[in-house]
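What follows is a set of notes on a single structure, which appears directly below.
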Amino acid sequence: MTHEKPGGIAIQSSAPLYTQKQQEHLSEEKVPSNAFTNVYAPPVNVPANNDEHHDHPHTEPHIHHDHAQHDHSHDDAHHDHSHDHHDHGPEHVHHDHSHEKVHVHHGHGHDHSHDHAHHNHGHQHSYSPVFTRPLPSWIHIFSHLAPAQKTIFTWFLIHAGIGIWLYCMGTNRESLSLVGFSYLMIFDALGVLNSFISSVLRTNPAFGTSNTKRPFGAHRYEIVFALGTTIYLMFATMHNTKESLEHFLLQDHHKAEAHDKEDHHLKLSLGMFLLVGAALTATCLSSITLRNHDNFVRYLRRRPTTVHGFSYNVINRARGNPFHALLSNVYSLSIVLCGSVILVAYMCGIATPFVDKILALSESVVMFYLGYPTAKSLAKVLLQTTPNTVQNGVENRLREIQQDTNIIHVDRVHFWQTTYGKCVGTIEIRVRPEADEQAVLQFVYQKLEGLTSSDDNESELTVSIVK
């Protein structure tokens, strides 16, 4: 989409454009410097000389007159006041007070304060608010779910139930490693819920509608929820680390109790075996069938979105091996490895209290490794910061653009993400007066289009050409 403005601006973009108009030249007719102009009032002729009859607004400074006997109540209607024999000085004999939505008062006991030197009116204009259609309610959302979305939400409930059951078993057995593994399982279940929310936001047209309140729609809500899940993981990391270190420091005071509980830790019950096995199976199924945490893997884990206009996501999706999908997902793979190590430790009879604390601290390291970089990347998306995966590409393309002889300066460069893989860019190009605007516009757009486009989303790039 290409737009061309009279002031030397040409814009090409597939996104909604917001362009500030150039300042028009003043007309040749000289306007008095002390004349008052109201954009909401009809045009008022201002005389150039001082006649005996004056219409407001005045072109001469006026002395405030205090007529206490006049009590006028003004609104936006027209008022005609006839005041006889007011002494306004040698230059004024009679004033015709005609108010046409423009109130110019002389302190006749009016409530409106008026400063003749600066024309400072105390009027407040109220505008009707812009109607913004509300988002669908929870009842409407769940009553219009697609069958696939119902399946995802049901699986989330099952997955979360397994994680809560693991937590109860870990606290009952006083096993810090099982408690830490339950934190990871709940995080994995929240990833399934995040997939459900993303699916609802992308399939419901009401959430994609752009308005003044939500210019990019409601798709950023999935980023907010994903950030909440990673913050949960960070709090779980701190709690698990605190408990593990506390047990390490207090183990000398409870040596007798430790010997009594050692046999209890070493035992692997059938219920524990089945529960840990069900947790591992649920994590694998979520990763292979539902692509759990796929948005984190594709867009947030130090992987460039595009290189020379080609997306890595196309290459990754071509690899349809389910085991490769699990191995390439660092989140699901880490959870499966933690659960497998705990299960093997109990099966081999080496899950002593000391080993249990070591496993719990190891799980804290894994949770921090998964949570901190992800939370940092999500926070950058919410703050509209240029992603690291695009920063290098932007700098290289800008150097190529500045080599054009018709381009004087590149200004107001801003690239940011609105949601997963959705990059938006704006740039202003100042060119020479004799330059061909359309040629420069096409050149810049071709250079930068690949940075904002992906396999799922169209490019949202705004290029402004200013002479």
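Bear in mind that the values in this text are calculations on the coordinates, not laboratory data. Remember, it's a predicted structure, so these values are computed and weren't measured experimentally. Methodologically, a virtual Cβ is constructed for each residue, glycine included, from the backbone with ideal geometry; neighbour enumeration extends over all protein chains shown.
Given R₀ = 56 Å, what would the calculated FRET efficiency be for N172 paired with A439, taking r from the Cβ atoms and rounding to 0.05?
About 0.15, to the nearest 0.05.
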Given a Förster radius of 30 Å and the C-beta distance between H239 and N396 as r, what FRET efficiency does 1/(1 + (r/R0)^6) yield to the nearest 0.05?
-> 0.10
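Which number comes out as Rg/Rh for region 379-423 once both Rg and the Kirkwood Rh are worked out on C-alpha atoms?
Details: Rg = 12.6 Å, Rh = 11.8 Å.
My calculation puts Rg/Rh at 1.07.
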So how much slack lies between F248 and V365, counting 0.36 nm per residue of separation and subtracting their Cα-Cα distance, in nm?
-> 40.5 nm
Name the residue farthest towards the positive end of the dipole of region 388-466 from the options T419, Q391, Y445, assuming +1 on Cβ of Lys and Arg, -1 on Cβ of Asp and Glu, about the Cα centre.
-> Q391
Long-range HN-HN contacts of A351 with modeled amide H, under 5 Å = none
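Provide the net charge surrounding W416, with neighbours chosen by a C-beta distance below 12 Å and charges set as Lys +1, Arg +1, Asp -1, Glu -1. Don't skip to the end; give the middle numbers.
On the way: positive: R220, K380, K422; negative: E460.
Neighbour charge sum, excluding W416 itself: +2.
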Determine which residues of region 179-205 fall in the zone a paramagnetic label at T154 would reach in this model, i.e. backbone nitrogen under 19 Å from the point 7 Å along Cα→Cβ.
-> 189-190, 192-197, 199-200
For the table K447/K467; K267/K357; K380/K447, the rows whose alpha-carbon distance is greater than 18 Å are K447/K467; K380/K447
Volume in Å³ per residue [convex hull over Cα atoms, computed for region 388-466] | 79
Which ³J(HN,Hα) values, rounded to whole Hz and listed in residue order, are derived for region 403-411 from phi using the Karplus coefficients 6.51, -1.76 and 1.60 in 6.51 cos²θ - 1.76 cosθ + 1.60 with θ = phi - 60°, glycine and proline given as x?
-> 6, 5, 6, 7, 9, 8, 8, 10, 9
Relative contact order (percent) for region 388-466, with alpha-carbon contacts under 8 angstrom and 6 or more residues of separation?
-> 31
About the Cα centre of region 355-434, what is the dipole size in debye to 20, counting +1 per Lys and Arg Cβ and -1 per Asp and Glu Cβ, all else neutral?
-> 100
Do you know the relative contact order of region 326-467, to the nearest whole percent, from alpha carbon pairs under 8 angstrom that are 6+ apart?
-> 17
Sequence-distant or interchain residues sharing an amide H contact under 5 Å with T462, placed H: which?
-> G425, T426, I427
